[in-house]
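Okay, so here's the structure we're looking at.
The values are calculated or read from the model by the stated rules, or taken from the named source; none is laboratory data. Keep in mind it's a predicted model, so treat the numbers as computed, not measured. Reconstructed Cβ throughout: ideal geometry from the backbone, glycine too, with neighbour counts over all protein chains shown.
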Amino acid sequence: MGKTLSEKVWDEHVVRSAPGEPDLLYIDLHLLHEVTSPQAFDGLRLAGRTVRRPDLTLATEDHNVPTVDWDKPIADPVSRTQVETLRKNCADFGVRLHPLGDVEQGIVHVVGPQLGLTQPGMTIVCGDSHTSTHGAFGAIAFGIGTSEVEHVLATQTLTQARPKTMAVTINGSLPEGVTAKDMVLTLITHTGTGGGQGYIVEYRGQAIEELSMEGRMTVCNMSIEWGAKAGLIAPDQTTFDYIEGKPEAPKGADWDAAVAHWKTLRTDDDAVFDREIELDASTMTPFVTWGTNPGQGAPLGATIPSPDDFDEPNDKVATEKALHYMGLEAGTPLREVKVDTVFVGSCTNGRIEDLRLAASILEGRHVADDTRLLVVPGSVRVRLQAEAEGLDKVFLAAGAEWRGAGCSMCLGMNPDQLAPGERSASTSNRNFEGRQGKGGRTHLVSVPVAAATAVRGTLSSPADLAALA
Amino acid sequence: MDKFTTHTGVGVPLKRSNVDTDQIIPAVYLKRVTRTGFEDGLFAAWRNDPDFVLNDPTYASGSVLVAGPDFGTGSSREHAVWALQNYGFRAVISSRFADIFRGNSGKAGLVAAQVDEKVVQRLWDWLEDNPGGEVTVDLESRTVRAGAGEDAVEDSFDIDDYTRWRLLEGLDDIGITLGHDADITDFEASRPSWKPVTA
Ligand code: SF4
């Protein structure tokens, strides 16, 4: 029997396996940031251990940094200490760091791919659950906790039980104006937040093949939101074209050797998945969330559901609690929900393609009164590219705020936060209670929906906008 | 890490599904660079509600959390495990845990006991009849127990063999792996030269 893509990549990284024990897996790339690493470095110091492979380790500052005044010392002393601790740890242990102000700084999952460090067939980990993003390149990539960060620093390996395999096949083509984000939000509402638990998922099918690398990253990014261990996509010409020429991509004969190997990274025809799901992309529409987990979503054209619409008692209670927290009435059309703040950014939708798409909708239009639009590039490189293309001017002319790179309003940690009761339409990945700031209410949306919502002030898609003269 | 064999303590019913790690500890509390002191962030938003279970003095010394399905979803923050431990919890019982949370628990010494959904309901019912009652999580026999006689609850729980063994022995995972140093070195010698490096 053949093997699936994830089984091939997994098997290539098994250092040791023994009956009744998890596999010992070699890690090709370990990404670090300021929030989940300090206790791991402390652990190394206490035990008198070193970083085994600083040359397979990269750190950046993203979660806890401001997106304004990035050339000044961080105002919040506790945040400053955390960032300075990362700098000291990287200096002490010889780890390459891209700090605030550096041209390669940015969200860890935007930085890896744009440097060309994220490549097919790798194992990639980071103390961040959205490490699944890197699976877009055909890598096994997943988030780990701080104890595991310490384990990888010390040994460049992890003990991991072999997950089950799942195929999510998305047939057909996405209709015009429907994006990878709508696709993954539709999938999560279909499966529920625990549907992927215990699985490495391979996304395949025509609609996946037709996605750009940015779109594939958006889909893989949200694997964790339906509980999957990791999500990955077989590398193809789109993947190779994206990587070629990136700073850390293989060159010359190495490139040829690498591509020859990457081409073998496909699920064999006779391989069997433990579970399979099929969806049809051609019926998908702009999709938004109304609740407090990413599985509580609906097409933009729908109305807010009622607890009575669900059969499972847990779902009924969860819906009731979510509507109460979100301040929403069952039966209200989603298009009538008024939004205070729109956030375009994060490791889900903060790449250059996302900003181009947002700008194409905002050009010649203006953000609604009483609505605020925050546009935050995922990395400094993305910011510079956007500025070179004049996108920043489009955003500013539309009345948006144009910020520096970082996680920003994706999580309520740095200064960019919602006020209690404030409602956002956000291109990020989590709508948990308080995720974007205590008491904040989040609707997850695609980039086009975010841009159109900013213009109309209520949840909208570009189709709802008046044509430009 | 301390050994864990069995623990008996006040059971706390948390009647919610999908308790994500942003609820267990919001991001603003993640700025510390230590492993301690996170108890103030535990369920921070919900603790503003006077009716929240942890604000009930009955559960002041709670150490076994009995929660709805999909506990610990979302972020990889191990701070969620530390916050529970710093507060005094030794075990969490749920019918389904998010993978990363369960992994983090095993590393940090918190027992994540996975039971059938019906067992959670029975424990909730039992705790409603016996507020402040004690629940036992016995790792050796993989059972959860509460009460005695007619209305007693006793059932088995799932935890993977390897994690159970490490917790019972109080073993440090890194130490175990370093024992396989020669295997790692051999593996490294066979890695293709075109694999990327950061240095
Ligand atoms: S952008 Fe959001 S989801 Fe992505 S790494 Fe940052 S905080 Fe995590």
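With segment B:99-146 as the region, which strands (runs of 3 or more DSSP E) entirely inside it contain at least 2 residues that are touching a helix residue (DSSP H, G or I) at 6+ places or on another chain (Cβ under 9 Å)?
By residue number, B:111-114, B:143-146.
Within segment B:63-72, identify whether any single residue is more than 13 Å from every other protein chain (Cβ to nearest Cβ), over 25 Å from A:Ala40 (Cβ atoms) and surrounded by fewer than 21 Cβ atoms within 10 Å (Cβ to Cβ), and answer yes or no.
No; the residues of segment B:63-72 include none that is more than 13 Å from every other protein chain (Cβ to nearest Cβ), over 25 Å from A:Ala40 (Cβ atoms) and surrounded by fewer than 21 Cβ atoms within 10 Å (Cβ to Cβ).
Which residue is surrounded by the fewest Cβ atoms within 10 Å (Cβ to Cβ), if the candidates are limited to segment A:381-426 and must be of a type in the set (Lys, Arg) and away from the ligand (no atom under 16 Å from the Cβ)?
Within segment A:381-426, the match that is surrounded by the fewest Cβ atoms within 10 Å (Cβ to Cβ) is A:Lys393.
Cβ contacts < 7 Å: first residue facing chain A (nearest Cβ under 7 Å), restricted to segment B:9-36; second residue assigned to a strand (DSSP E or B) and surrounded by 18 or more Cβ atoms within 10 Å (Cβ to Cβ), any location; separation 6+ or different chain. Result?
Final answer for the pair search is B:Asn18/B:Thr73; B:Asp20/B:Thr73.
Look at B:Leu110 and say whether it is more than 23 Å from A:Ala228 (Cα to Cα) and crowded, with 18+ Cβ neighbours inside 10 Å.
no
Can you report the number of residues in segment A:427-447 which are within 14 Å of the ligand (Cβ to nearest atom) and either within 25 Å of A:Val219 (Cβ to Cβ) or in contact (Cβ under 8 Å) with a residue 40 or more places away in the chain (or both)?
Count: 10.
Does A:Gly301 count as surrounded by 16 or more Cβ atoms within 10 Å (Cβ to Cβ) and in contact with a helix residue (DSSP H, G or I) (Cβ under 8 Å, 6 or more places away or on another chain)?
It is false that A:Gly301 is surrounded by 16 or more Cβ atoms within 10 Å (Cβ to Cβ) and in contact with a helix residue (DSSP H, G or I) (Cβ under 8 Å, 6 or more places away or on another chain).
Residues being within 21 Å of A:Pro420 (Cα to Cα), away from chain A (no Cβ under 11 Å) and not in a loop (DSSP other than H, G, I, E, B): count how many of those fall in segment B:37-60.
Result for segment B:37-60: 3.
Would you mind stating whether A:Gly378 is within 14 Å of the ligand (Cβ to nearest atom), in contact (Cβ under 8 Å) with a residue 40 or more places away in the chain and touching a Phe, Trp or Tyr at 6+ places or on another chain (Cβ under 6 Å)?
Answer is no for this residue.
Would segment A:171-179 turn up any residue that is at pLDDT 95 or above, crowded, with 22+ Cβ neighbours inside 10 Å, of a type outside the set (Val, Ile, Thr) and touching a strand residue (DSSP E or B) at 6+ places or on another chain (Cβ under 9 Å)?
Within segment A:171-179, not a single residue is at pLDDT 95 or above, crowded, with 22+ Cβ neighbours inside 10 Å, of a type outside the set (Val, Ile, Thr) and touching a strand residue (DSSP E or B) at 6+ places or on another chain (Cβ under 9 Å).
Any residue at all in segment A:65-78 that's within 16 Å of the ligand (Cβ to nearest atom), surrounded by 19 or more Cβ atoms within 10 Å (Cβ to Cβ), touching a residue at least 12 places away in the same chain (Cβ under 8 Å) and closer than 19 Å to A:Arg96 by Cβ?
Scanning segment A:65-78, I find at least one residue that is within 16 Å of the ligand (Cβ to nearest atom), surrounded by 19 or more Cβ atoms within 10 Å (Cβ to Cβ), touching a residue at least 12 places away in the same chain (Cβ under 8 Å) and closer than 19 Å to A:Arg96 by Cβ, so the answer is yes.
Just checking, does segment B:75-98 include any residue being among the hydroxyl-bearing types (Ser, Thr, Tyr) and facing chain A (nearest Cβ under 7 Å)?
Scanning segment B:75-98, I find at least one residue that is among the hydroxyl-bearing types (Ser, Thr, Tyr) and facing chain A (nearest Cβ under 7 Å), so the answer is yes.
Quick one: is A:Ile124 within 16 Å of the ligand (Cβ to nearest atom), at the interface with another protein chain (Cβ under 9 Å from one of its Cβ atoms) and out of contact with any Asp or Glu (no Cβ under 6 Å at 6 or more places or on another chain)?
In short, no.
Would you mind finding the one in A:Val51, A:Val83, A:Val111 that is more than 16 Å from the ligand (Cβ to nearest atom) and at pLDDT 95 or above?
The unique qualifying residue is A:Val51.
Scan segment A:238-255 and report the pairs whose first residue is more than 9 Å from chain B (Cβ to nearest Cβ) and whose second residue is surrounded by 12 or more Cβ atoms within 10 Å (Cβ to Cβ), with Cβ atoms within less than 6 Å and a gap of 6+ or a chain change.
Taking only residues 6 or more apart or on different chains, the pairs are A:Thr239/A:Phe137; A:Phe240/A:Val259; A:Tyr242/A:Met213; A:Ile243/A:Gly116; A:Ile243/A:Ala249; A:Lys246/A:Gly116; A:Pro247/A:Leu115; A:Pro247/A:Gly116.
Please enumerate the residues belonging to segment A:333-352 that are away from the ligand (no atom under 16 Å from the Cβ) and either within 14 Å of another protein chain (Cβ to nearest Cβ) or not in a strand (DSSP E or B) (or both).
Matches in segment A:333-352: A:Leu334, A:Arg335, A:Glu336, A:Val337, A:Val339, A:Asp340.
Pull up segment B:44-62, narrow it to residues that are touching a Phe, Trp or Tyr at 6+ places or on another chain (Cβ under 8 Å) and farther than 20 Å from B:Ala113 by Cα, then point me to the one that is nearest to the ligand (Cβ to nearest atom).
Among them, the one singled out is B:Ala44.
Go through segment A:70-92 and count every residue that is over 25 Å from the mean Cα position of the chain (by Cα) and away from every other protein chain (no Cβ under 12 Å).
6
What tally of residues in segment A:55-64 results from selecting those that are among the hydrophobic types (A, V, I, L, M, F, W, C) and within 16 Å of the ligand (Cβ to nearest atom)?
Counting residues in segment A:55-64 that are among the hydrophobic types (A, V, I, L, M, F, W, C) and within 16 Å of the ligand (Cβ to nearest atom) gives 2.
Looking for whichever is away from chain A (no Cβ under 12 Å), out of contact with any strand residue (DSSP E or B) (no Cβ under 6 Å at 6 or more places or on another chain) and surrounded by fewer than 18 Cβ atoms within 10 Å (Cβ to Cβ) here; the options are B:Asp172, B:Asp186, B:Asp129, B:Asp160. Which one fits?
B:Asp129
Considering only residues of segment A:12-36 that are charged (D, E, K, R), at pLDDT 95 or above and in contact with a helix residue (DSSP H, G or I) (Cβ under 6 Å, 6 or more places away or on another chain), which is nearest to the ligand (Cβ to nearest atom)?
This residue is A:Glu34.
Restricting to segment B:69-98, name every residue that is in a strand (DSSP E or B) and over 21 Å from B:Phe4 (Cα atoms).
B:Phe71, B:Thr73 - these are the residues of segment B:69-98 that are in a strand (DSSP E or B) and over 21 Å from B:Phe4 (Cα atoms).
Would you mind stating whether A:Ser424 is farther than 28 Å from A:Gln114 by Cα, of a type in the set (Ser, Thr, Tyr) and not in a loop (DSSP other than H, G, I, E, B)?
Yes.
If we scan segment A:191-199, do we find a residue that is under 19 Å from the mean Cα position of the chain (by Cα), within 12 Å of chain B (Cβ to nearest Cβ) and within 16 Å of the ligand (Cβ to nearest atom)?
Scanning segment A:191-199, I find at least one residue that is under 19 Å from the mean Cα position of the chain (by Cα), within 12 Å of chain B (Cβ to nearest Cβ) and within 16 Å of the ligand (Cβ to nearest atom), so the answer is yes.
Only residues that are β-branched (Val, Ile, Thr), closer than 14 Å to A:Glu433 by Cβ and within 18 Å of the chain's Cα centre (by Cα): list them for segment B:2-59, please.
B:Val19, B:Thr21, B:Ile24, B:Ile25
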